[in-house]
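Shown next, in structure tokens, is the structure this report addresses.
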Amino acid sequence: MTRVLVVEDDHQLVRALRINLQARKFEVEEAADGGAALRSIVARKPDVILLDLGLPDMDGVDVIKSVRGWSRVPILVLSARHTSEEKIRALDAGADDYVTKPFSMDELLARLRAATRRQEEPVRSDAPPLITTDDFTIDLVAKKVLRGNRPVRLTPTEWHLLEILTAAPGHLVSQRRLLLEVWGPTYAEHTNYLRVYMAQLRRKLEPDPSRPRYLITEPGMGYRFELSPGPAVPG
Ligand code: CA
């Protein structure tokens with residue numbers, strides 16, 4: 001049974017979520033503020049977290065940052081705030097997805113399923129286990145990235161993107177395929193997601209994120225992972 005932690009101070013919404021989630025066989029935990037959420041995550045180890053950004057005691061983004069210090073549990077953000085800046089802050093901090101209130105329960109459940117599925121997916125077995133470049137090493141089996149001797153932490157969504165791109169070095173992977181595989185059919189047109197996540201991956205992996213050598217954009221088409229990079233090109 002998938003255990004969901006609902007972090008939300010709007011009691012009516014919590015009640016609606018609990019009824020709908022339990023009807024779909026989710027086990028539901030609740031936390032009404034950030035402090036209770038962090039305690040519950042440590043003690044109960046939920047499989048996925050639904051997190052409101054506007055909490056009474058702290059900013060939801062700070063909850064994400066704190067959790068990402070020690071856990072890669074999928075985090076789906078619920079927020080009434082819908083500026084792209086807010087969304088990017090949450091994604092940058094390590095959220096996996098984002099739903100703006102008011103949302104339809106069906107959409108929320110679809111994203112929740114996608115987030116937990118991403119977490120469970122095994123690495124494809126035909127992928128080379130170790131990818132080594134001049135700047136970083138990716139261990140696809142251990143799910144570790146080293147830059148020099150320093151480990152780089154990736155979110156589950158960043159991993160998923162990187163796994164797809166590195167499966168066929170040098171080959172163009174279309175925006176649509178990445179969106180379908182990583183976020184699902186509802187998101188096939190959400191190319192802004194790709195821009196946000198590719199920017200995050202470049203910040204974590206590229207020696208100069210503004211002139212990527214490994215994670216290459218093919219404008220209007222998709223992305224390519226270059227194992228033997230040529231000269232840097234503007235991203
Ligand atoms: Ca709130």
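In a fully extended conformation the segment linking T137 and E27 would gain 35.8 nm over its present Cα-Cα distance, using 0.36 nm per residue. The stretch 57-92 and the stretch 168-201 have their alpha-carbon centroids 20 Å apart. Computed over the chain, the per-residue total of -39500 (n - 2.57) for DSSP H runs of n ≥ 4 gives a 222 nm mean residue ellipticity of -12000 deg cm²/dmol, rounded to 500.
Backbone amide hydrogens, once placed in the peptide plane, bring L172 within less than 5 Å of nothing, excluding anything fewer than 5 places away on its chain. For the residues V99, V42, V77, a GNM of the chain with alpha-carbon springs under 10 Å puts the largest fluctuation on V42. Which residues make up the longest stretch of the chain clear of trypsin sites (Lys or Arg not before Pro) that lie in a DSSP loop with no more than 10 other Cβ atoms within 10 Å, not counting the sites? Between exposed loop sites, the widest span is 125-235. Per-atom-type breakdown for the chain gives carbon and sulfur 51% of the accessible area (1.4 Å probe, protein chains only).
Return the percentage of antiparallel bridges among DSSP beta bridges fully within the chain, rounded to the nearest 5 %. Around 50 percent of the beta bridges assigned by DSSP in the chain are antiparallel ones.
Accessible surface calculations at 1.4 Å, restricted to protein heavy atoms, place the chain at 48 Å² per residue. Here the contact order of the stretch 3-120, divided by its residue count and restricted to Cα pairs under 8 Å and six or more residues apart, works out to 23 percent.
Which translational diffusion coefficient, to the nearest whole µm²/s, is obtained for the chain from the Stokes-Einstein equation, given a Kirkwood hydrodynamic radius over C-alpha pairs, 20 °C and 1.002 mPa s?
For the chosen part, D equals 116 µm²/s.
Compute the length gained on full extension between M58 and A167: take 0.36 nm times their separation in residues and subtract their Cα-Cα distance, giving the result in nm to one decimal.
35.2 nm
Here the label points at R177 and N20, each 7 Å from Cα along the C-beta direction, are separated by 3.4 nm in the simple model.
The values are calculated or read from the model by the stated rules, or taken from the named source; none is laboratory data. These numbers were taken from a predicted model, which means no experiment stands behind them. For neighbour counting, all protein chains shown are included, and Cβ atoms are generated from backbone atoms with ideal geometry for every residue, glycine included. The area values use the complete protein model at the heavy-atom level, side chains included, leaving out ligands, DNA and RNA. Shrake-Rupley method; radii C 1.70, N 1.55, O 1.52, S 1.80 Å.
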